[in-house]
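*Asks:* Have a look at this one.
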Amino acid sequence: MPNKQIISGNEALALGALVGGASVITGYPGTPSSEAIGYLLRNPSPGVHVEWSTNEKVALEIAAGAAWAGQRALATMKMSGLNVAYDSLISFAYSGCTGGLVVYVADDPGATAGMAEQDSRGFALMADLPMLEPATVEEVYRLIPKAFQLSEKVGTPVFVRMVTALSHSHAAVEVQTEFTPLRREPQLIRDITKYTKAGAAICLAQHRDLIQRLSNAEEAIREMGINHLLIAPKRGLGVIVCGLTASYLEEAMVALLPFNLDRTGISVLRLVSTHPFPEQEARTLLDHCDQILVLEELEPYIETALIVAARRYGFPGPIRGKLDGNLSRVGEYGTREVVKGLAQALNIPLSDSLFSGLAADNMAAPRPITVCAGCPHRGTYIAINQAIRKLKLKKDAVMVTGDIGCTILGMNPPFDTVWNEVSMGASLGLAQGYVWSGIQTPVIATIGDSTFFHAGIPSLINAVQHQASLTLIILDNGWTAMTGMQVNPGTAIGAQSGGHRLDLAHIIPTLGVDWFYQVDPYDLKATTEALIDALPRAGVKVILARRECAIQSIRQTGRAGRVRQQAENCNLCKLCITTTGCPAIHLTESSIVIDQALCNGCALCAQICAREAIVREEG
Amino acid sequence: MDRSYDIYLVGVGGQGVLTIGEILSEAAFQSGWPVNFYPTKGMAQRGGFFKAQLRLGRETIGPNIPERSADLVIAMERSEALKAIRFLKPGGVFLLWDSVWAPTAVMLGQASYPSLEAVAEQVTKAEGTLLTFHPEQMPPDQGQPGSENLFVLGVVLAATPLGSILPAQQVEKVIESRWKKGIERNLLAFRAGREATENPRG
C-alpha cells in the first residue's frame, strides 16, 4: 500500500533498494551515507540480509559475491570508503556481474564531515563503470530500482552517487510499505575467464568486455530514459546540469527573470547518468545551441567530456564552467553558483548583493568541538598528557598520531594531544614511520575500536613483525560512535542482533605484542601509570583503554555515577576546566558549577581537583 | 502553491534545533506544503554548531538556502546566531532565543563572546526585524527545566509570520504523534511559548 511520508535521501535509497529487490545489503558507516543501512536495520525486511561489515572492502566483496550468485545486492559507503573498496571494485568491474550490483557512494562537497572533497565520479571514469546521480529525494527512491535493472541488463556494477545535501535532505515521497525480495535460486558459475585474472590474455579480454559494457550502458541508459533533454524553442544557451545541481536551476532562473532572462532561449540537458557521457544528447544540444554552460559540483568531469565531444563535432561556440575560471572547484554548490554561471553566459550584469549576505560569522565565538560530557576518551587524553609530563618529556617532543572517528577530538583544546589525522588505521603506520625516522622520544598511536578492526590490525601486525618500538592506545568505547552509534565487531553481544562479539582483550595479546595493558580511562591514576610503564619500554606495547561510550551507556544503564560540588573548597583555580574541557562544567563568579543534566558522573574532574571542591558521591 | 517560505535554523547541538525543524517539516507537509528539510549533521554532536534549512513551497528546490534569502531565521544561541545573518532576506524576521552557551575558551577569558547589542546591530544592518526572547521568560516546569525547544517553537508560531502559514493546531497534532510519553509536558512548553510572545524584549 503506497504511503506518502517524509524520508531522507539515505532512507529513500534504502527503500528504493527494497523496491528493487535487493536481498543482500552491506556497508560501513561513514557520514553522510550511514542512515541507509541504519534505516534497514531498524526496519528489518524479511528475507533481506543487512549488515554493517568490518570495512568497505569487505562490504563490497560480500555484495559482489551475492551478485555473482545471482542475487541483487547493494554496498553503501562514504567516499573515503570507496578508496578502501576500490582494489576489489576494479576487479569486479572487469568481471562484471550476473545479479544486479549497486554501489552507493556518498560524497561530501563542503566537507561538512571534515574529510576530503573527493569527487567520486573520478572512480567511475577510472573503473569504466556507469554512475547515476539523482537530483531529489523522490528521484533517489525511483532511481534505485532502475539502477538494479541497468546493472543486470548490461551485466555491470552500477554506482549511485549522492552528496551530503541530498543524502541528508528530507522530503515527502510516496513509498511502498511492503516489499518482496527477489530471492532467486542461488547459482554457482565456474568460469575462470570471467571470475579470475589468470593471465594477461584473460585480463585483456575482460578489459575489452568492460569497455563494451560501458558502451552498452550508454545505450541502455538512453532507452530507459534516465536523462532529460529539454530543447528550447529558440537557439541560444544550452545548460548541462547533473545530480543535485539540477535542483538549483529553477530557483536561479526565477531569480534572473527581473534581468530579462529569456527562458525560450535556454535548452537544458539534465544528466542523471554522469558516466558514461551521453554523446547523443550532448550532440543534440550542441547542434541546437550557440554556447553551453556546464553546472557541476566539484571537478569539471562533464565539462571536460563535453569539450572533447565539441571538438569532435566541430562546435564553434564557447563552453563555460570551471575550466574558464568562472566557477569554483571548491565547496558546495548552490543557487548563487548557478546564477553566476547563467549571468556570465548571458551577459547579465548582477548587483554584488544578489545572494550575497552580510557576513558576521567571524564575530561568533570560536567553538572547537570536543568530546561529550562523560566521554571515556577524555580520561585517555588527560592520562597521555600527564604521563608525558611525569616522564619529564616535553609535549612537543612526543608524537601522538591520530585516527578517524571521535578519537581525533584529542587534537582540540584543552587536550592538544593528537597531532595528525589521515585515514582509517593510518595512525599506526604513521607511528612506525616516525619510529624509523630516528625519533628518540616515545611514539604513541591512538585509534578507536571500530577503526582498529577496520584497518588497524594489518598495521599492528606489521609493527610486531618489524619490532617498531611504539605504544598503541586503543580507545575502545564499544561502538562506531561518531557516525551515530553503529555496531562493530567488538560491540557488546546484546547489540549484535544474532552476531558474535570479538573481544579485543583476547585478540591483541595473540598478535604477539610485547606488552599488553587493559585500563579503565575513568581511572585516571591507573591509566596514567600504565602509560608511564609502557612508554619507556622497547617493543610493541598496546594499551586497551576500555569504557563504553557515555551516550550509549546512559541510554542503557544510566549515568556512570554522580559528582557533587563543595563550593566552599573552590578557589577558582579552574584546573577542572583547563584540564578536562568538560561541557558539563560551568564557571560562575564565585565557583565552578556542574550541570547535573549533562554530567555523566565520570568523576575525571573530581580526580583532577586538588582541593576536594568536586567529589565523587559514593553508592 | 505559488508561495514559498525559507527558514534557516541555527543553534548548538543538544538544544533540540533538529526537533524544531522536524516538527515544522512534518506540520508543513501535513498542511500540504512541498517540503525540503536539510539538517547538517556532520560533526554537530552535543555542544557543536548545528544548522538546518527548511524550504517550503516549491516542488523542486535545492537544499541550500542562498544568502539573503531566508524569510525567517530561528537562532537558539546568541553567538551562533551570527552565522545565520548572511542568510537573512532583507525584510525577513530574525528570531533570537538569547541563550548563551559559552565555549571553554570564553569561560576562561581567552576568547571574546558577542554582546546582544552586537548581534542586534548585525540584524539591523542586514535589514531584518529582530525578535529577541530570553530563557528567563520560560516558566519552570515543576521545578525542572522545561522543553526549551518546544517553548521556542511556540514563540516562533506566535511571533513570526510562520504562524499565519502553519496553524498551531497542526503543529500540536505533530507534537502529539511524535512522542509516546511526555506529550503533556511538551504541549505545555509549546503553549507557554505561544503565550510568552505577548511581551518580547530586546
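Laboratory data are not the source of any read-out in this text; all were calculated from the coordinates shown. Note that the structure is predicted; figures quoted are calculated from it, not measured. Ideal geometry is used to build each Cβ from the backbone, glycine not excepted, and the neighbour counts take in all protein chains shown.
*Asks:* Return an integer: the convex hull volume of the alpha-carbon atoms of the protein assembly as shown, in Å³ per residue.
*Replies:* Hull volume over Cα atoms, normalised by residue count, gives 181 Å³.
*Asks:* Sticking with the crude label model, points 7 Å out along Cα→Cβ, report the distance from A:R564 to A:E219 in nm, one decimal please.
*Replies:* If labels sit at A:R564 and A:E219, their model points lie 8.1 nm apart.
*Asks:* Taking every DSSP beta bridge that has both residues in segment A:376-556, what percent is antiparallel when rounded to the nearest 5?
*Replies:* The antiparallel fraction comes to roughly 5 percent.
*Asks:* Can you give the direction-averaged projected area of the convex hull of the alpha-carbon atoms in segment B:5-196, in nm²?
*Replies:* 11.0 nm²
*Asks:* Just to be sure I understand: of the beta bridges DSSP finds with both ends in chain A, what percent are antiparallel, rounded to 5?
*Replies:* 25 percent
*Asks:* Would you mind checking A:K525/A:K574; A:K57/A:K541; A:K57/A:K322 for any pair whose Cα atoms are more than 26 angstrom apart?
*Replies:* Over 26 Å apart, Cα to Cα: A:K57/A:K541; A:K57/A:K322.
*Asks:* Stretched out fully, how many nm does the piece from A:E185 to A:M126 gain, at 0.36 nm a residue minus the Cα gap?
*Replies:* Separation in residues times 0.36 nm, less the Cα-Cα distance, equals 17.9 nm.
*Asks:* Using R₀ = 35 Å, calculate the FRET efficiency as 1/(1 + (r/R₀)^6) where r is the Cβ-Cβ separation of A:D595 and A:N326; round to 0.05.
*Replies:* Efficiency, from the Cβ-Cβ distance: 0.10.
*Asks:* Report, in debye and to the nearest 20, how large the dipole of the protein assembly as shown comes out about its Cα centre when Lys and Arg carry +1 and Asp and Glu carry -1 on their Cβ.
*Replies:* My answer is approximately 840 debye.
*Asks:* OK, next. What span do the alpha-carbon atoms of segment A:269-343 cover on each of the three principal axes, reported in whole Å from largest to smallest?
*Replies:* Computed over segment A:269-343, the largest-to-smallest principal extents equal 32, 24, 17 Å.
*Asks:* Nearest-5 percent of antiparallel DSSP beta bridges in segment A:228-346?
*Replies:* On the way: 3 of 17 bridges.
Expressed as a percentage, antiparallel bridges in segment A:228-346 total about 20.
*Asks:* Right, here's the next one. Estimate the FRET efficiency between A:D533 and B:R185 by the formula 1/(1 + (r/R0)^6), using the beta-carbon distance for r and 45 Å for R0, to the nearest 0.05.
*Replies:* 0.30
*Asks:* Using alpha carbons only, how many angstrom separate the centre of segment A:166-242 from the centre of segment B:97-125?
*Replies:* First find each Cα centre; the distance between them is then 51 Å.
*Asks:* Rounding to the nearest 20 debye, state how big the charge dipole of segment A:3-223 is about its Cα centre with +1 on each Lys and Arg Cβ and -1 on each Asp and Glu Cβ.
*Replies:* So the magnitude is around 500 debye.
*Asks:* If you don't mind, another one. Please give the FRET efficiency for A:I493 paired with B:T129, using the beta carbon to beta carbon distance and R0 = 60 Å, rounded to the nearest 0.05.
*Replies:* Computed FRET efficiency for A:I493 and B:T129 comes out at 0.60.
*Asks:* Can you classify segment B:45-130 as rounded, prolate or oblate using the Cα gyration tensor, where a ≥ b ≥ c are the square roots of its eigenvalues, rounded means a/c under 1.5, and otherwise it's prolate if a/b beats b/c and oblate if not?
*Replies:* It is oblate, given that a/c is not under 1.5 and a/b is not larger than b/c.
*Asks:* So how much slack lies between A:R311 and A:K394, counting 0.36 nm per residue of separation and subtracting their Cα-Cα distance, in nm?
*Replies:* On the way: separation 83, 0.36 × 83 = 29.88 nm, distance 6.13 nm.
Length difference between fully extended and current span is 23.7 nm.
*Asks:* About its Cα centre, how strong a charge dipole does segment A:371-450 have in debye, to the nearest 20, once Lys and Arg get +1 and Asp and Glu get -1 at the Cβ?
*Replies:* 420 debye
*Asks:* Let me ask something else. Be a star and scan segment A:602-616 for residues whose amide nitrogen sits under 12 Å from the point 7 Å along the Cα-to-Cβ vector of A:K525.
*Replies:* In segment A:602-616, the label zone of A:K525 (backbone N under 12 Å from the point 7 Å along Cα→Cβ) covers A:607-608.
*Asks:* Could you work out how much longer the chain between A:W436 and A:A205 gets when fully extended? Use 0.36 nm per residue separation minus the Cα distance between them, nm to one decimal.
*Replies:* Numbers: separation 231, 0.36 × 231 = 83.16 nm, distance 4.37 nm.
78.8 nm is the gain from fully extending A:W436 to A:A205.
*Asks:* Specify the inter-centroid distance of segment A:317-351 and segment A:524-558, based on alpha-carbon positions, in whole Å.
*Replies:* Centre-to-centre (Cα) distance: 52 Å.
*Asks:* Semi-axes of the equivalent ellipsoid of segment A:322-435: what are they in whole Å, largest first, if each equals the square root of 5 times a C-alpha gyration tensor eigenvalue?
*Replies:* So the three semi-axes of segment A:322-435 are 45, 19, 12 Å.
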